[in-house]
Amino acid sequence: MLKGKKIVLGVTGSIAAYKAALLVRLLVKEGAEVQVVMTPAAKEFITPLTLSTLSGRPVLSEFFNSDSGSWHSHVELGLWADAMIVAPATASTLGKMAAGVADNLLVTTYMSMKAPVFVAPAMDLDMYAHPSTVKNIATLKSYGNHIIEAAAGELASHLSGKGRMEEPENIIKVLKGFFLTGSELSGKRILITAGPTYEKIDPVRFIGNYSSGKMGFAIAAECARRGADVTLVAGPVSLPTPHPAIRRIDVESAREMCDAAVEAFPSCDAAVLSAAVADYRPAVQASSKIKRTSEGMTIDLEANPDIAATLGKTKREGQCLVGFALETNNAEENARLKLDKKNLDFIVLNSLEDKGAGFSCDTNKVTVIDREGKSEYPLKSKAEVAKDVVAHLSRLLVMLVMLLLPSAASAEGEELNATVNLNASKVQGSNTEVFTMLQDALSEFINSRKWTSNTYEENERIMCSFNFVVNSYANDGSFDCSLMVQATRPVFGSSYNSLLFKYEDASIKFKYQPYDRLEFVEDNLDNNLTAVIAFYVYTIIGMDLDSMGELGGSEFLNKALTIVNNAQNLGDAGWRAGSNNNNRYSIIDDYMNGALEPVRKLMYKYHRLGLDTMFKDADGGRKAITESLSLLKKAYEDRPMAYFTKLFTEYKVDEIVNVYSKCTADEKRDVVKILSEINPSLSSEWDKITKNNN
Ligand code: PMT
């Protein structure tokens with residue numbers, strides 16, 4: 001993630017400067033190029049020699065090289081870098097950065113920086129809590145910088161409290177998280193407008209508004225993080241470009257913004273129009289400063305182009321247009337009017353009646369409205385709001401693609417018709433978005449992947465469900481879930497679906513972070529979640545084919561067996577042979593063992609010759625089922641410890657009791673004898689067969 005990234009590391013005069021050495025080492029280890037810039041005071045705490053040796057580049061500290069007289073260009077550094085980190089950042093440097101006191105190379109570099117800036121403060125607890133520091137940090141945040149909050153712990157003063165610079169490992173994590181590019185929007189081109197527009201009255205005055213650009217910049221950053229190719233048309237704002245992958249076009253007036261947007265839109269998949277565009281401009285712009293007179297003055301205004309409506313008129317099939325509505329009254333009604341009038345796909349409503357929403361502040365409270373309904377969100381940071389908005393956009397883009405390519409989409413994954421449910425009620429209080437995203441990602445993975453080269457018509461797909469319960473979840477993406485997986489096949493000539501396979505997997509441990517792509521590579525099982533899913537999918541497909549033709553599923557059952565054998569090396573729960581015979585390993589190892597071949601053969605006999613025949617020949621069908629249960633008994637006798645024979649009777653118990661509800665006492669006696677021997681723990685269920693007098 002950091003490979004090839006160019007990082008300027010600013011080091012200031014704090015006792016925590018020693019941590020800069022580790023930070024440089026970690027960055028270099030990640031493959032980043034590091035240019036260290038030190039304040040003069042920092043050199044009292046760590047030598048430039050240490051940092052230049054670790055970074056492999058001379059450390060910069062002075063404006064000029066005293067030997068050669070050459071100038072160290074902070075402007076060039078600002079253009080060179082993909083990110084700047086100031087760590088440690090002292091109270092003094094925070095103040096200079098916030099106030100623009102450019103009296104050293106570090107602060108001038110910061111002020112010339114075009115890339116995102118991360119600031120990791122370090123100081124004594126009282127200094128950290130002082131109102132001036134709090135205000136400076138808030139100011140730096142409002143400029144779009146990323147503050148990596150100080151941690152609590154023992155400080156250089158031997159006092160204990162908040163003020164310790166965050167550990168270098170965690171700073172690297174923050175940076176990686178920032179550069180983590182999801183693939184969800186990869187290949188999508190997205191146009192974003194942000195900030196205000198200024199409409200000139202004369203060379204010194206303009207008509208403008210309070211927009212800071214924060215909302216639009218956050219959306220641009222979120223789209224870029226999810227892999228989109230972003231064009232950001234920005235009005236006059238003082239924000240750095242929030243992601244190195246963004247193409248930024250700076251404009252001033254509504255007409256300039258309109259020209260840039262109209263030019264970019266045709267090649268885009270979507271546009272998000274968050275700019276606060278001035279609706280009117282002075283009809284005449286004075287070429288020299290208008291002089292004050294004692295008279296009042298009138299400015300004639302003329303209408304600016306409506307950028308959203310202009311793009312809405314040219315929007316083609318598959319393109320998606322998103323607007324914002326900034327309202328003060330009748331908010332929802334007005335937003336809906338704009339949705340229709342501007343031909344938008346959805347509109348993001350923010351109201352100035354809500355405290356902390358709208359212009360300039362770092363938070364917003366929005367309602368996303370489309371023609372189907374609305375989703376209201378609580379007050380959140382603009383970065384979080386951007387995630388919600390982009391999640392809507394992303395879902396819409398997927399839907400539009402599906403609508404445009406119905407045949408192509410359905411020609412792909414065709415084997416399973418799976419529902420996926422992820423129940424996270426046990427871990428309430430966590431970020432819920434990750435659970436929704438994982439559920440969607442799993443559904444997409446199972447249903448869209450091409451698991452076989454066979455052709456399955458829509459009505460031939462295997463109905464199945466994957467029900468996860470999250471038992472534990474940590475913010476680093478560690479999950480421990482249980483999974484109930486089951487697959488059914490309709491019984492010919494009836495509305496009844498018979499279970500092909502059902503199993504409750506007690507524990508699946510895996511890692512998943514939002515936007516992770518779920519992938520499965522057969523010979524490289526590095527993802528426990530997709531390995532488990534692939535195991536069950538191949539088992540289900542194999543058993544389904546066994547039920548269609550005797551031993552028909554060998555190819556896919558062997559794949560499941562291979563996964564189990566390879567996954568044992570992963571050491572994750574559920575795979576390993578030996579410890580317990582109720583696990584993934586036992587299921588497939590038993591099922592594919594020669595001694596259990598009768599069980600594989602019974603799949604066909606039971607389902608096709610048995611159940612499918614019953615609707616026209618109940619006695620004949622039941623007879624086939626009795627024969628198939630005899631095969632089960634044979635397999636049991638040959639391998640009494642096998643788990644699968646028991647499992648089969650467990651998930652088939654209700655069906656079997658039902659099949660034998662109407663039959664002779666002799667038949668009942670014979671079948672109960674077989675079943676009680678195989679699975680005596682279900683004796684009360686088998687008794688129902690005997691007692692059932694229908
Ligand atoms: O920049 P911030 O300080 O973070 O503040 C964010 C914001 C409040 C500016 C933002 O959240 C927001 O609401 N932007 C839209 C503001 C606005 O102009 O709303 P509107 O209701 O007047 O316009 C409706 C839509 O039409 C908007 O998508 C707007 O971009 C677009 N429009 C409006 C006028 C015009 N001439 N051309 C347009 O494209």
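The values are calculated or read from the model by the stated rules, or taken from the named source; none is laboratory data. What you are looking at is a predicted structure, and each value in this text was computed from that prediction instead of being measured. Reconstructed Cβ throughout: ideal geometry from the backbone, glycine too, with neighbour counts over all protein chains shown. To get the accessible areas, we keep the full protein, side chains included, count just its heavy atoms, and leave off ligands, DNA and RNA. Shrake-Rupley method; radii C 1.70, N 1.55, O 1.52, S 1.80 Å.
Considering only protein heavy atoms and a 1.4 Å probe, what is the carbon-and-sulfur percentage of the accessible area of the chain?
For the chain, the apolar C and S fraction of the accessible surface comes to 51 percent.
List the GluC sites (Glu not before Pro) in the range 102-203 that DSSP assigns to loop (not H, G, I, E or B) and whose Cβ has at most 15 other Cβ atoms within 10 Å. Which are they?
Filter output for the range 102-203: Glu149.
Where in the range 262-282 does the amide nitrogen come within less than 16 Å of the point 7 Å from the Cα of Glu302, taken along Cα to Cβ?
Inside the label zone: 279-282.
Among 620-628, 113-121, 476-484, 232-240, what's the highest-first ranking by average C-beta atoms within 10 angstrom per residue?
113-121, 232-240, 620-628, 476-484
Non-local amide H neighbours of Ile148 (under 5 Å, H modeled in plane, Pro and chain starts lacking H): which ones?
Distant-sequence amide H within range of Ile148: Val119, Ala120.
Compute and list, largest first, the equivalent-ellipsoid semi-axes of the range 624-694 from the alpha carbon gyration tensor, each √(5λ) rounded to a whole angstrom.
20, 12, 10
Sort 547-559, 5-17, 32-44, 371-383 by the packing proxy (mean of other Cβ within 10 Å over each peptide's residues), most packed first.
5-17, 32-44, 547-559, 371-383
For the chain, what does the helix formula give at 222 nm: sum of -39500 (n - 2.57) over DSSP H segments with n ≥ 4, over the residue count, nearest 500 deg cm²/dmol?
Mean residue ellipticity at 222 nm (helix-derived): -12000 deg cm²/dmol.
Residue farthest toward the positive end of the dipole of the range 442-557, with Cβ of Lys/Arg at +1 and Asp/Glu at -1: which of Thr530, Cys464, Leu545?
Towards the positive end, the residue furthest out is Cys464.
How big is the Kirkwood radius of the range 6-181, worked out from every pair of different alpha carbons and given in Å to one decimal?
16.0
Each label point is 7 Å from the Cα along the Cα-to-Cβ direction; what then is the distance between the points at Ser160 and Tyr143, in nm?
3.5
Tell me, how many Å apart are the Cα centres for the range 590-630 and for the range 634-694?
Going from one Cα centre to the other spans 13 Å.
In the range 181-270, which chymotrypsin sites (Phe, Trp or Tyr not before Pro) are in a loop and have at most 12 other Cβ atoms within 10 Å, using DSSP for the loop call?
Listed in order of number, the matching sites are Tyr210.
Give the separation of the Cα centroids, the range 238-283 to the range 116-179, in Å.
Taking the Cα centre of the range 116-179 as reference, the centre of the range 238-283 is 33 Å away.
Under 20 Å from the Cα of Lys382, which aspartates and glutamates turn up, not counting those fewer than eight places away in the same chain?
Result set, ordered by chain and number: Glu149, Glu222, Glu327, Glu353, Asp354, Asp362, Glu433.
What is the magnitude of the charge dipole of the range 236-284 about its Cα centre, with +1 placed on the Cβ of each Lys and Arg, -1 on the Cβ of each Asp and Glu, and no other charges, expressed in debye to the nearest 20?
That gives a dipole near 80 debye.
Summarise the long-distance tail of P(r) for the range 407-559 by giving the % of C-alpha pairs beyond 26 Å.
Every Cα pair in the range 407-559 considered, those over 26 Å come to 28 percent.
Any idea what the relative contact order of the range 142-237 is, in percent, if you count C-alpha pairs under 8 Å spaced at least 6 apart?
Dividing the mean separation by the residue count of the range 142-237 yields 28 percent.
About its Cα centre, how strong a charge dipole does the chain have in debye, to the nearest 20, once Lys and Arg get +1 and Asp and Glu get -1 at the Cβ?
The calculation lands at about 660 debye.
Among Asn679, Tyr643, Tyr606, whose Cα sits farthest toward the positive end of the charge dipole of the range 560-684 (+1 at Cβ of Lys/Arg, -1 at Cβ of Asp/Glu, about the Cα centre)?
Tyr606
If one takes the longest principal axis of the Cα atoms in the chain, at what angle in degrees, from 0 to 90 and to the nearest 10, does the Cα axis of helix 214-225 lie?
50
Determine, from the Cβ-Cβ distance of Met111 and Thr50 and an R0 of 22 Å, the FRET efficiency 1/(1 + (r/R0)^6), rounded to the nearest 0.05.
According to the calculation, E is roughly 0.25.
What pairs from Lys374/Lys450; Lys511/Lys605; Lys135/Lys355 go past 31 Å between their alpha carbons?
Lys374/Lys450; Lys511/Lys605
Using a 7 Å offset from the Cα along the Cα-to-Cβ direction at both Glu650 and Asp670, what is the distance between the two label points in nm, to one decimal?
Going from the Glu650 label point to the Asp670 one covers 2.9 nm.
Round to the nearest 10 and give me the degree value, 0 to 90, for the angle of helix 168-179's Cα axis relative to the longest principal axis of the chain.
Taking the Cα atoms of the chain, the angle to 168-179 is about 80 degrees.
Ordered by packing density, taken as the mean number of other Cβ atoms within 10 Å over each peptide's residues, highest first, how do 284-291, 219-226 rank?
219-226, 284-291
Quick one: if you stick a label point 7 Å off each Cα along the C-beta vector at Glu372 and Gln513, how many nm between them?
3.0
Taking the convex hull of the Cα atoms, report for the range 493-634 its projected area averaged over all directions, in nm².
For the range 493-634, averaging the hull's shadow over all directions gives 10.1 nm².
Tell me, in nm to one decimal, what length is gained between Thr310 and Ser465 on full extension, where the rule is 0.36 nm per residue of separation less the Cα-Cα distance?
51.2 nm
Per the Kirkwood definition applied to all pairs of different Cα atoms, how many angstroms is the hydrodynamic radius of the chain?
Averaging 1/r across every pair of different Cα atoms and inverting gives 30.0 Å.
What size of dipole, in debye to the nearest 20, comes out for the range 1-155 about its Cα centre when the only charges are +1 on Lys and Arg C-beta atoms and -1 on Asp and Glu C-beta atoms?
400
Return the subset of Lys559/Lys673; Lys214/Lys338; Lys162/Lys387 for which the Cα-Cα distance in this structure is over 31 Å, preserving the input order.
Lys559/Lys673
What is the helix-to-structure angle for 528-548, meaning the angle in degrees between its Cα long axis and the longest Cα principal axis of the chain, kept from 0 to 90 and rounded to the nearest 10?
30
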